[in-house]
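S.K.: There's a structure below that I have some questions on.
FYI, it's all coordinate maths here, none of it is from the lab. Since we're looking at a predicted model, the values are computed, not measured. Cβ placement follows ideal geometry from the backbone for every residue including glycine, while neighbour counts extend to all protein chains displayed.
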Amino acid sequence: MLYDDDHLDFEVKLKRYVHLEVLLEALNRDKEQMGHLKMAEAYQDQIDHIIDQILNDMAELRRYFRQSQGEILQTVQLVEDRMVEYVWKGYRLKVKYLNEFMRVQCGEILKGYMKLKRGDLT
């Protein structure tokens, strides 16, 4: 199957969605571990704001998916990667994202959200 522009756009948005899922899980775990910090409430407020932004972005991506010719069937976390199975124009496809690369990319995404927040403060 040849990739067309719509399919490439779908895969870019799929990758973003998967990364946001992972980042959301990580932030929720991190937030639970902050209780012992002296400034825990301030950090938790920052994380809550970022989580709200992520949830908004994920909702926007879900709207895109509903209108597209693709559908996410399942996401499975494996030892070394995260596998996503989806349907595009009747074709059943799989894509894998390596955990190590996802960790780096999630960090970059988080930095982007943090810059957004800092911009709101000035």
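S.K.: With charges only on Cβ, +1 for K and R and -1 for D and E, what is the dipole size of the chain about its Cα centre, in debye, rounded to 20?
M.R.: Charge dipole, the chain, about its Cα centre: 60 debye, nearest 20.
S.K.: What's the ranking of 60-71, 28-39 by average number of surrounding C-beta atoms within 10 Å, highest first?
M.R.: Descending mean neighbour count gives 60-71, 28-39.
S.K.: Select one label from (1) 23, 16, 14; (2) 27, 15, 13; (3) 31, 16, 12: the one whose number is semi-axes √(5λ) of the Cα gyration tensor in Å as derived from the coordinates shown.
M.R.: After the calculation, the listed value that fits is (3).
S.K.: While we're here: For helix 99-121, what angle does its Cα long axis make with the longest principal axis of the chain, in degrees from 0 to 90 and rounded to 10?
M.R.: Result, in degrees: 50.
S.K.: Shifting gears a bit: Going highest first, how would you order 86-93, 7-14 by mean Cβ packing within 10 Å?
M.R.: Working: 86-93: 13.2, 7-14: 16.4.
Taking the mean over residues of other Cβ atoms within 10 Å, the ranking is 7-14, 86-93.
S.K.: While we're looking at this one, here's another question. What is the sum of charges, Lys and Arg at +1 and Asp and Glu at -1, for the other residues whose Cβ falls under 12 Å from the Cβ of HIS7?
M.R.: Summing Lys/Arg as +1 and Asp/Glu as -1 gives -3.
S.K.: Another question, if that's okay. Structure shown: which of LYS15/LYS94; LYS31/LYS96; LYS31/LYS94 lie over 21 Å apart, alpha-carbon to alpha-carbon?
M.R.: Violating the 21 Å limit, Cα to Cα: LYS31/LYS96; LYS31/LYS94.
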